[in-house]
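Colleague: Here it is, the structure, as structure tokens.
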Amino acid sequence: MRTYLYAGTFESFLTALSLALERPEECAIAREGGAAAEGGLFSEFIQAGADPARAAGMRDLFERQGSAESWQHARFAFLSEAAGCEDAVLAYARLIKERGPAADDLLADDRVKKVHGLARSVGGEAHMFKGFVRFKELADKTLYARIEPDHNVLPLLTGHFRARLGSFNWIIHDARRGRAALYCGGRLIYAPITQEKALEFDGKEAAVQALWRHFFKTAAIKERTNPRLQRQNVPLKYRANLTEFE
């Protein structure tokens, strides 16, 4: 079976997806260096590269033959980074080509169920992190936040914080993936980041954090404390980067 290898970026994945859709026979898509990319006796591996025109063409296919929601489902499913998400999106794309906008109404179809389920999981986590990101001020006045999401939701958060933080410079660091979104002087870039030394925070930052924790505790109504509901709304796995739980 022919397997198209992509470099990890969304553009390279869409390029591989475009190439796979051109083949009438069964194909697969795998990330370079991943377990699915290991050679097999009857496997043919092809480097897909990254072609902006092909990537744009794939978005056009989802939006024109499916809908804007179809495009979002495919994009979010890819960002899930779940095992087999690439082939799930490939199967979904083939269905979109066959059935058009009606494909998303086939809720009992495994191809639709899989992609829709992954997309819901990613969308839900991205929504939660819009409220879970906690910024701390560095010595140079840049705002810094550390997150560790299950899915690659960083690209889904930047628009929200560009609108919320105005002219501030900020960094959102996805420590799980070693990448960060850096917003400086009105320009947004994504870059690998490794934290090799302790960050230098503004001298007033510790006091601000202490005030926030004090407010969090005093604002609570003791008689209405509900740990179970709190764990449901703020899962334990996210609390390590929330100032109020430090």
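Colleague: What residue, of E11, E86, is of a type in the set (D, E), surrounded by fewer than 20 Cβ atoms within 10 Å (Cβ to Cβ) and assigned to a helix (DSSP H, G or I)?
Modeller: None of the other options fit; the residue is E11.
Colleague: Taking the range 111-129 as the region of interest, how many residues are modelled with pLDDT of 95 or more and under 16 Å from A181 (Cα atoms)?
Modeller: 1
Colleague: Kindly provide the set of residues from the range 144-181 that are surrounded by fewer than 19 Cβ atoms within 10 Å (Cβ to Cβ), of a type in the set (A, V, I, L, M, F, W, C) and not in a loop (DSSP other than H, G, I, E, B), ordered by number.
Modeller: Correct list: A163, L165.
Colleague: Name the pairs: first residue in the range 148-176 and in the same structural domain as A240 (by TED's automatic domain parsing), second residue among the hydroxyl-bearing types (S, T, Y), Cβ to Cβ under 6 Å, at least 6 apart or on different chains?
Modeller: Every condition considered, the pairs that remain are H151/S80; N169/T142; W170/Y183; I171/Y144.
Colleague: On to the next question. Select from the range 103-143 the residues that are loosely packed, with under 15 Cβ neighbours inside 10 Å and of a type in the set (D, E) and write down the one among them that is nearest to the chain's Cα centre (by Cα).
Modeller: Taking the candidates together, the pick is D110.
Colleague: Quick check on T218: is it more than 30 Å from G8 (Cβ to Cβ) and either at pLDDT 70 or above or loosely packed, with under 11 Cβ neighbours inside 10 Å (or both)?
Modeller: yes
The values are calculated or read from the model by the stated rules, or taken from the named source; none is laboratory data. Bear in mind that the values here come from a model prediction, so they are computed numbers and not experimental data. Here Cβ is always computed from backbone atoms with ideal geometry, including for glycine, and neighbour counts include all displayed protein chains.
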